[in-house]
Amino acid sequence: MRKDVRILLVGEPKVGKTSLIMSLVSEEFPEVVPYRAEEITIPADVTPERVPTHIVDYSEAEQTDEQLFQEIAKANVICIVYSVNNKKSIEKVTSHWIPLITENTDKDSRVPLILVGNKSDLVEHSSMETILPIMNQYSEIETCVECSAKNLKNISELFYYAQKAVLHPTGPLYCPEKKDMKPLCVKALTRIFKVSDLDNDGILNDNELNFFQRTCFNTPLEHQALEDVKNVVRRNLSDGVCDNGLTLKGFLFLHTLFIQRGRHETTWTVLRRFGYDDDLELNQDYLFPPLKIPPDCTTELNHNAYLFLQSVFDKHDKDRDCALSPEELRDLFEVFPYMPWGPDVNNTVCTNDQGWITYQGYLSQWTLTTYLDVQRCLEYLGYLGYSIIAEQESQAAGITVTRDKKIDLQKKQTQRSVFRCNVFGDVGSGKSGFLQAFLGTNLMRQNMIREEHISYYAISTTYVYGQEKYLLLHEVFPDFDYLSDADLACDIVCLVYDISNPYSFEYCAKVFKQYFMDSKIPCMMIAAKSDLPEVKQLYGCSPLEFCRRHKMPPPQSFTCNTADAPSRDIYTKLTTMAMYPHMSQADLKSSTFWLKASVGATVFVVLGFAMYRVLLKPR
């Protein structure tokens, strides 16, 4: 909404423009009227809409045409004043003033007009019969007000309507010719309906209507008032109410009715509460609230944000199979202006046997977006209406900014839940297979993935000492000369080589020596394709000896060429090393250490799955 309003009064000489302004300010008719009143500013606290209002007079005797054109360009709303007892001043509205204003305003930004019939005290009849055809001809005319500066009739109302025309304009909402709301308005209100339909059954029940009412207007509706609203819809629309709830058609009908009855401020209040600006686009301040992220800190979703996203998943998982079919996913993203997830997401997170994103995969993708691009996450949460449904100040309330990683190292403990593992390896070493195996995809299923759907990220949960953590794997493109800061910034490094290729290990050794040998980032060597015959690596020393010299754990054998889902033990080890980078190599080599971590993971997975099944029963 605008922070101030600028009202310009124009019209033929002697129609009473200056008298109207002076009567408003002094609350009495002036005995002496100057050619032109000075610009006045009405403070916010004395205007109905609580917005400072500037009122500007025009005098043909004192101002040039150029000055008039400049004032027209600056005005937010223009009042064309005519005298109800002067037929010539009425004719000049269409023959002179409207064309002049049109010529001097930007065609893309329509300036609302108010027709003002002054001197109503001098006649017994109304000029509305003459004015109505003009109003029907020009859609930019918001309304017409007949008033009298002499007896103060409708003076306050005139300036209220002018202010309202700027703050709650009809133009973006309604097409008078078609007597219907404009497509952009319908689109915005449809999103608002879908966000407010908390159980996704296609109707707003009494609880949802009350929540909506309280959200937009800070007060619930009494039961009888709710019934009265629904009865109005029932009388006018056969399918506006269903199962005693308001349908989308009924919801849109109500707003059409508000606008037609001159109560478009009601519709604007709803639109602005849900983030829309005067052009019916979602406000940038709404989509991207301020969020300060210091260096070496990461971003994660907090508990409240996960609860909200879980409710969104439950709302759209109509068949209760704990996965989102393509239709359910499209339904979920209908409140977005575009489809945010491409086909690569199905190869980034866990899916079911049909290739549909599971509940765990859905939360993982949100976690990935929050970690890699928190601004995009804020935008997505905005489309879903997080701040409204979760009753938070903004989407930023759903984000946790972790503390500096250096503090974690000093304290030898971390509060983070998401750990990034950058995966390095030469072409054909098995990096992609390593990522896909994390999602439970064996080699046979990996070979069915289309090239354009390949993802360079994989994210899922692992369990360390009974704690659920997210491990984010990122496959780094094997161009040794062009490793960016993003390629090097991570919690753990994974160096993958192919045991059947004698030249594969050399790449890993070079990357380690150039970038990670002197860093505090823990590294793990992966001996991939362990189902194939192992050959000697043509390097100065064996991989095992290399790891020993550089105090790394021994190379971990890995293969995704299995009948069932590949083993996840190696990913638990990676997460553990990322969580405890201060651990000595002796600790990391200890079988007892890994046994405790993996047993804790197994117990937690079993208990977690059992608990989730219990939680699903009420659904």
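The values are calculated or read from the model by the stated rules, or taken from the named source; none is laboratory data. In this text, all values refer to a predicted model and were calculated from it rather than measured experimentally. Please note: Cβ atoms are built from the backbone with ideal geometry, for glycine as well, and neighbour counts cover all protein chains shown. Heavy atoms of the whole protein, side chains included, go into the accessibility calculation; ligands, DNA and RNA do not. Shrake-Rupley method; radii C 1.70, N 1.55, O 1.52, S 1.80 Å.
I'd like to check something: does the range 378-396 contain any residue that is in contact (Cβ under 8 Å) with a residue 40 or more places away in the chain, within 17 Å of Tyr470 (Cα to Cα), open to solvent by 10 Å² or more (accessible area, probe 1.4 Å) and not charged (D, E, K, R)?
no
Given the options Asp485, Asp569, Asp479, Asp498, name the one that is among the acidic types (Asp, Glu) and over 30 Å from Thr298 (Cα atoms).
Asp498
Output the residues belonging to the range 417-433 that are within 15 Å of Cys508 (Cα to Cα) and assigned to a helix (DSSP H, G or I).
Matches in the range 417-433: Lys431 only.
Can we say Lys230 is open to solvent by 20 Å² or more (accessible area, probe 1.4 Å), in a helix (DSSP H, G or I) and in contact (Cβ under 8 Å) with a residue 12 or more places away in the chain? Reasoning before the result, please.
On the way: open to solvent by 20 Å² or more (accessible area, probe 1.4 Å): no; in a helix (DSSP H, G or I): yes; in contact (Cβ under 8 Å) with a residue 12 or more places away in the chain: yes.
It is false that Lys230 is open to solvent by 20 Å² or more (accessible area, probe 1.4 Å), in a helix (DSSP H, G or I) and in contact (Cβ under 8 Å) with a residue 12 or more places away in the chain.
Enumerate the pairs (first residue in the range 282-304 and more than 24 Å from Asp408 (Cα to Cα) and aromatic (Phe, Trp, Tyr); second residue anywhere and modelled with pLDDT of 95 or more and open to solvent by less than 50 Å² (accessible area, probe 1.4 Å)) with beta-carbon separation below 6 Å, excluding pairs fewer than 6 apart on the same chain, so at least 6 apart or on different chains.
Tyr286/Gly275; Tyr286/Gly382; Phe288/Leu378
Looking at the range 1-28, which of the residues that are within 46 Å of the chain's Cα centre (by Cα) and open to solvent by 60 Å² or more (accessible area, probe 1.4 Å) is modelled with the lowest pLDDT?
Among them, the one singled out is Met1.
What residue, of Ala165, Ala149, is in contact (Cβ under 8 Å) with a residue 60 or more places away in the chain, buried (at least 22 other Cβ atoms within 10 Å of the Cβ) and farther than 21 Å from Pro13 by Cβ?
Ala165
Within the range 312-347, which residues are among the hydroxyl-bearing types (Ser, Thr, Tyr) and loosely packed, with under 15 Cβ neighbours inside 10 Å?
Tyr338
Which residues, counting only those in the range 461-508, are among the charged types (D, E, K, R) and in contact with a Cys (Cβ under 8 Å, 6 or more places away or on another chain)?
Listed by number, the list holds a single entry, Asp491.
Quick one: which residue in Leu287, Leu291, Leu246, Leu221 is out of contact with any Cys (no Cβ under 9 Å at 6 or more places or on another chain), farther than 16 Å from Asp197 by Cα and open to solvent by less than 30 Å² (accessible area, probe 1.4 Å)?
Leu287
Return the residues of the range 148-195 that are hydrophobic (A, V, I, L, M, F, W, C), under 14 Å from Leu113 (Cα atoms) and within 25 Å of the chain's Cα centre (by Cα); say none if nothing qualifies. Even if it seems obvious, please write down each step before you answer.
Step one: of the range 148-195, the residues hydrophobic (A, V, I, L, M, F, W, C) are 149, 152, 155, 158-159, 162, 165-167, 173, 175, 181, 184-186, 188-189, 192-193, 195.
Then drop every residue that is not under 14 Å from Leu113 (Cα atoms), which leaves 158-159, 162, 165-167.
Hit for the range 148-195 is Leu167, nothing else.
Need at least 3 residues that are closer than 21 Å to Thr461 by Cβ per element, so show me which helices (runs of 4 or more DSSP H) inside the range 323-394 make the cut, counting only ones lying wholly within it. Show your work before the answer.
Values: elements: 326-332, 359-372, 374-384, 386-389.
By residue number, 359-372, 374-384.
Six or more apart or on different chains, Cβ atoms under 7 Å: show the pairs whose first residue is in the range 239-258 and within 23 Å of Cys175 (Cα to Cα) and whose second is among the aromatic types (Phe, Trp, Tyr) and in a helix (DSSP H, G or I).
Taking only residues 6 or more apart or on different chains, the pairs are Gly240/Phe253; Leu248/Phe193; Phe251/Phe193.
Quick one: count up the residues across the range 83-103 that are open to solvent by 50 Å² or more (accessible area, probe 1.4 Å) and not polar (S, T, N, Q). Can you show your working first?
Filtering the range 83-103 down to residues open to solvent by 50 Å² or more (accessible area, probe 1.4 Å) leaves 85-88, 91-92, 95-96, 102-103.
With the extra rule that they be not polar (S, T, N, Q), the set shrinks to 87-88, 91-92, 96, 103.
Final tally of qualifying residues: 6.
Taking only pairs six or more apart or across chains, which ones have beta-carbon atoms under 9 Å, a first residue in the range 9-27 that is touching a residue at least 24 places away in the same chain (Cβ under 8 Å), and a second residue that is assigned to a strand (DSSP E or B) and open to solvent by 10 Å² or more (accessible area, probe 1.4 Å)?
Sorted first by the residue in the range 9-27, then by its partner, the pairs are Ile21/Ile40; Leu24/Ile40; Leu24/Ile42.
Of the conditions (1) open to solvent by 30 Å² or more (accessible area, probe 1.4 Å); (2) of a type in the set (Asp, Glu); (3) at pLDDT 90 or above, Glu31 satisfies every one except a single condition; which number is it?
(3)
Looking at Thr47, Thr41, which one is touching a helix residue (DSSP H, G or I) at 6+ places or on another chain (Cβ under 8 Å), polar (S, T, N, Q), within 16 Å of Arg6 (Cα to Cα) and surrounded by 11 or more Cβ atoms within 10 Å (Cβ to Cβ)?
Of the residues listed, the single one that is touching a helix residue (DSSP H, G or I) at 6+ places or on another chain (Cβ under 8 Å), polar (S, T, N, Q), within 16 Å of Arg6 (Cα to Cα) and surrounded by 11 or more Cβ atoms within 10 Å (Cβ to Cβ) is Thr47.
Does Asn447 qualify as being surrounded by fewer than 22 Cβ atoms within 10 Å (Cβ to Cβ) and of a type in the set (S, T, N, Q)?
When the stated conditions are applied, Asn447 passes them.
Looking only at the range 192-220, count every residue that is part of a loop (DSSP other than H, G, I, E, B), out of contact with any Gly (no Cβ under 7 Å at 6 or more places or on another chain) and under 23 Å from Leu332 (Cα atoms) and tell me the total.
Residues meeting the conditions: 6.
Among all residue pairs at least 6 apart or on different chains, which show Cβ distances below 8 Å where the first residue, located in the range 459-486, is under 17 Å from Ala578 (Cβ atoms) and open to solvent by less than 30 Å² (accessible area, probe 1.4 Å) and the second is β-branched (Val, Ile, Thr) and part of a loop (DSSP other than H, G, I, E, B)?
Ile459/Thr348; Ile459/Val349; Ser460/Val349
Would you mind listing the helices (runs of 4 or more DSSP H) fully within the range 456-559 where at least 2 residues are farther than 28 Å from Asn347 by Cα?
Where helices (runs of 4 or more DSSP H) fall fully within the range 456-559 and carry at least 2 residues being farther than 28 Å from Asn347 by Cα, they are 504-511, 543-549.
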